[in-house]
């Protein structure tokens, strides 16, 4: 359902949500290693997220990536859309071009309702919500 790029983008944003702020910026190596994503790949993803104002970055000796208070309110769906577009989540699980409610594939009826619920949750869950979940010990993320 999620591309590797979307998964890596979400992991990176969550890592930043837990480990960075405007005073504590992280360089690519500090993000790539704990979330187990190649540095060159995560660098491209972080640049794309920064251009979309989902994360912030500064250059220089004290530069790096971080989240502002406003960016903690970013919804998970915004991250996915920034790197993949919304089409990915709405695409057919069998990758059939003509699959839709009027012309469903054999899996369509099994997942259509659940995909709508997941999409709704991704649109309402923020990085702050997930950060709190991680910090409370209800979910995990490499620290």
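Data table
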{"quantity": "Angle in degrees between helix 4-19 and the longest Cα principal axis of the chain, rounded to the nearest 10", "calculated": "40 degrees"}
{"quantity": "Taking the chain and dividing mean pair separation by its residue count, relative contact order in percent (alpha carbons under 8 Å, at least six apart)", "calculated": "31 percent"}
{"quantity": "Residue list for segment 57-85, given a label point 7 angstrom along the Cα-to-Cβ vector of residue 121 and an amide N cut-off under 19 Å", "calculated": "74-81"}
{"quantity": "Two-site FRET efficiency, residue 40 against residue 84, from Cβ-Cβ distance with R₀ of 22 Å, rounded to 0.05", "calculated": "0.70"}
{"quantity": "Calculated FRET efficiency for the pair residue 47/residue 111, C-beta based, R₀ 41 Å, to 0.05", "calculated": "0.80"}
{"quantity": "Residue 139/residue 100 FRET efficiency (R0 41 Å; Cβ-Cβ; nearest 0.05)", "calculated": "0.75"}
{"quantity": "Per principal axis, descending, Cα span of segment 68-117 in whole Å", "calculated": "44, 19, 15"}
{"quantity": "On Cα atoms only, tilt of 108-124 relative to the major axis of the chain in degrees", "calculated": "30 degrees"}
{"quantity": "Where Rh is the Kirkwood radius over Cα pairs, Rg/Rh for segment 81-142", "calculated": "1.11"}
{"quantity": "Helix-derived mean residue ellipticity, 222 nm - over the chain, DSSP H n ≥ 4, -39500 (n - 2.57), to 500", "calculated": "-15500 deg cm²/dmol"}
{"quantity": "Cα-based Rg and Dmax for the chain, where Dmax is the largest Cα-Cα distance (Å)", "calculated": "16.6, 56"}
{"quantity": "Rounded tilt (10° steps) of 39-51 against the dominant C-alpha axis of the chain", "calculated": "80 degrees"}
{"quantity": "For segment 47-98, diffusion coefficient by Stokes-Einstein and Kirkwood Rh (Cα), 20 °C, 1.002 mPa s, µm²/s", "calculated": "166 µm²/s"}
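No lab work stands behind these numbers, since they all come straight from the coordinates. What you are looking at is a predicted structure, and each value in this text was computed from that prediction instead of being measured. Backbone-built Cβ (ideal geometry, glycine too); neighbour counts: all protein chains shown.
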